[in-house]
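Everything on this sheet refers to the single structure shown next.
Please treat every number below as a calculation from the coordinates, not as lab data. This one's a predicted model, so the numbers in the text were calculated from it and none came from an experiment. Note that each Cβ is placed from the backbone with ideal geometry, even for glycine, and that neighbours are counted across all protein chains shown.
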Amino acid sequence: MKYKYIGTRPVRPDGLDKVTGRADYGADLFLPGMIHGKVLRSPYAHARIKSIDMSRALALDGVLAVACRDDFPALTGIKVEGIVLPIDVITQSNNVVARNKALYHGHAVAAVAATTDEIAEHALKLIDVDYEVLPHVLTIDAALAPDAPVIDEQIAMENSTEKQAEPPNLAMRSVMERGDIEGGFAEADLVVERTFTTPAVHQGYIEPHGCVVSVNEEGKVDIWCSTQGGFAVRAYT
């Protein structure tokens, strides 16, 4: 029996345009008078941010604004309903821009808005950040070790309560169970116990992250965003 699709190598109707660059991607959209944004990210996996000097970037012709941790309000420890799980506002806010510390390589430290993409990129090089590089961890076991450096003090403080009493670097514990677990083990002819680990993975998307936002005079917001979470972007805007 032959099938139309199963066992065949169909040609994607949009494949050729995508790999040759003829297709329009999110970063290809340009609007009249568009402001270009760039983000300065930490080159260190764990570092204390001692100071941020944005004066040279602000003085550059064509730069409209430069923002860092001082431009974002400190939020209280509340949680709001998310698409899948409740969202910790403090954790999310600290992920938008680094506060006292950069918690991972690539953590956003400052952002620039300029009249052109080239000016915004140049302005990033003019932001002076004084880092105190701190010990970091690369594996789950290293993060959970008794002598591990504390990465996020907010999480460590929450984990130190008697109610939770979790290791300081444990951001979340997820347990999935179904049925009578203990009964199933008791009746099993063979029980195999192992510890399984998997690497961090990400989608093999064909375009880089990009986002274009337009706000009209009535306050209506249109967003063109390269993301797999379109509904989440709309819900949180």
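Identify, among VAL233, VAL150, PRO32, the residue whose Cα sits farthest towards the positive end of the charge dipole of the chain, taking +1 on the Cβ of Lys and Arg and -1 on the Cβ of Asp and Glu, with the dipole about the Cα centre.
So the residue we want is PRO32.
What order do you get for ILE119, ILE181 when you list them from fewest to most C-beta neighbours inside 10 Å? Could the numbers behind the result be given before it?
Numbers: ILE119 19, ILE181 9.
With the fewest neighbours first, ILE119, ILE181 line up as ILE181, ILE119.
What's the center-to-center distance, using Cα atoms, between segment 1-74 and segment 171-211 in Å?
For segment 1-74 versus segment 171-211, the Cα centre distance is 31 Å.
Work out the charge dipole of the chain with +1 on the Cβ of Lys and Arg and -1 on the Cβ of Asp and Glu about the Cα centre, then indicate which of GLY21, CYS68, VAL97 is farthest towards its positive end.
GLY21
Determine, from the Cβ-Cβ distance of TYR236 and THR8 and an R0 of 41 Å, the FRET efficiency 1/(1 + (r/R0)^6), rounded to the nearest 0.05.
On the way: r = 40 Å, r/R0 = 0.99.
Plugging the Cβ-Cβ distance into 1/(1 + (r/R0)^6) gives 0.50.
Let me have the relative contact order for the chain, percent, based on Cα pairs under 8 Å that are six or more residues apart. List each step's numbers first, then the result.
Values: 283 pairs, mean separation 51.1, N = 237.
Across the chain, relative contact order equals 22 percent.
For the chain, what is the calculated [θ] at 222 nm in deg cm²/dmol (nearest 500), taking -39500 (n - 2.57) for each run of four or more DSSP H residues and dividing by its residue count? Don't jump to the answer; show the numbers that get you there.
Numbers: 8 runs with 52 residues, N = 237.
Theoretical 222 nm ellipticity from helices: -5000 deg cm²/dmol.
Arrange the following residues from fewest to most other Cβ atoms within 10 Å of their Cβ: CYS225, CYS68.
In increasing order of surrounding Cβ atoms, one gets CYS225, CYS68.
List the chymotrypsin sites (Phe, Trp or Tyr not before Pro) in segment 128-228 that DSSP assigns to loop (not H, G, I, E or B) and whose Cβ has at most 16 other Cβ atoms within 10 Å. Which are they? List each step's numbers first, then the result.
Working: sites: TYR131, PHE185, PHE196, TYR205, TRP224; in loops: PHE196, TYR205.
For chymotrypsin sites (Phe, Trp or Tyr not before Pro) across segment 128-228 that sit outside H, G, I, E and B with at most 16 neighbouring Cβ atoms in 10 Å, the list reads PHE196, TYR205.
With each pseudo-label sitting 7 Å past Cα toward Cβ, what's the ALA27-SER93 distance in nm, one decimal?
Going by the 7 Å Cα→Cβ label model, 3.2 nm.
Report the gain in length on full extension from ARG173 to SER55: 0.36 nm times residue separation, minus Cα-Cα distance, nm rounded to one decimal.
Working: separation 118, 0.36 × 118 = 42.48 nm, distance 4.25 nm.
Separation in residues times 0.36 nm, less the Cα-Cα distance, equals 38.2 nm.
Given +1 on the Cβ of Lys and Arg, -1 on the Cβ of Asp and Glu, and no further charges, what dipole in debye does the chain carry about its Cα centre, rounded to the nearest 20? Working shown, then result.
Details: 22 positive and 33 negative charges, 148 e Å.
With Lys and Arg at +1 and Asp and Glu at -1, about 700 debye.
If you stretched the chain out fully between ASP130 and THR227, how much longer would it get, using 0.36 nm times the residue separation minus the C-alpha to C-alpha distance? Mind dumping the intermediate values first?
On the way: separation 97, 0.36 × 97 = 34.92 nm, distance 3.27 nm.
Full extension of this stretch gives 31.7 nm more.
How would you rank ASP117, ASP14, going from fewest to most other Cβ atoms within 10 Å of each one's own Cβ? Numbers along the way, then the final one.
Working: ASP117 14, ASP14 9.
Going from least to most buried by this count: ASP14, ASP117.
Please give the contour-minus-distance gain from ASN216 to ASP17: 0.36 nm per residue of separation, less the Cα-Cα distance, rounded to one decimal in nm. Mind dumping the intermediate values first?
Working: separation 199, 0.36 × 199 = 71.64 nm, distance 3.18 nm.
Going from the current span to full extension adds 68.5 nm.
Which Rg and Dmax, in Å, describe the Cα atoms of the chain?
23.4, 74
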